[in-house]
Amino acid sequence: MTIEIRDLPSVRTTSNTDIIDMTPQVEKEIQRSAIRNGHATLFVPGSTAALTTIEYERGVINDLRKAIERIAPKDLYYEHDERWGDGNGYAHVRAALLGPSLHIPIIDGRLSLGTWQQIVLLDFDNRPRKRRIVMQLVGE
C-alpha cells in the first residue's frame, strides 16, 4: 500500500459564495501519482469553505447558490457575529452543512466520478481568501 499527501495549487476566491471546479487539478495529481487503485481524500482547512460534487454547469451552480441562500441566509442574525464582529456567521453555518472533505475511489488510475459529476470548492467567507486543499491518496 502507498500513501501520498499533496497540496493542490492554492485557489484565490472572492467574497461572493465562489463555487470553483477543482476536478482538473485533482485529476492532474492522480495522473502524477503512483496510485492506480485506491482512493483520494480531499480536505479544505478552514471553517468557512466546503467541498462537494455537482454538475459544474451554470444553471445548477446558480440553483445551488440560491438553495444555500435559502438554507442559511446572509441576512439572518448569527450569534457568531456578535462575538467576533466579522459578519461571517452565515459562512460558518454553510460550510458546516456541506462539510470540509470528500472521499473518491480511484480505479485504473482514474477518479470514479459520474459523467456529469465534478469536484467543487465552495468558499462562503465574506472576504477574499487564498484556499488550500490537501489531498491524501491511498492505494496501490
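Structure summary
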read-out	value
Lysines whose Cα lies under 16 Å from that of LYS66, excluding same-chain neighbours fewer than 8 positions away	LYS74
Fewest-first sequence of ILE119, ILE30 by Cβ atoms within 10 Å of each Cβ	ILE30, ILE119
Sparsely packed trypsin sites (Lys or Arg not before Pro) within the range 32-140, loop by DSSP, other Cβ within 10 Å at most 16	ARG36, LYS74, ARG132
Relative contact order (%) - criterion: Cα under 8 Å, at least six apart; region: the chain	54
Dipole moment magnitude, nearest 20 debye, the chain about Cα centre, only Lys, Arg, Asp, Glu C-beta charged	260
Alpha-carbon centroids, the range 1-16 and the range 48-62: separation in whole Å	17
Sequence of VAL60, VAL11, VAL120 once ranked by neighbouring C-beta atoms within 10 Å, starting from the fewest	VAL60, VAL11, VAL120
Selection of GluC sites (Glu not before Pro), the range 1-94, meeting DSSP coil and at most 14 other Cβ within 10 Å	GLU55, GLU57
Exposed-site-free run, longest, the chain (rule: chymotrypsin sites (Phe, Trp or Tyr not before Pro); DSSP loop; at most 14 other C-beta within 10 Å)	1-76
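No lab work stands behind these numbers, since they all come straight from the coordinates. Just so we're clear, the structure is a prediction, and the values are computed from it rather than from any experiment. Reconstructed Cβ throughout: ideal geometry from the backbone, glycine too, with neighbour counts over all protein chains shown.
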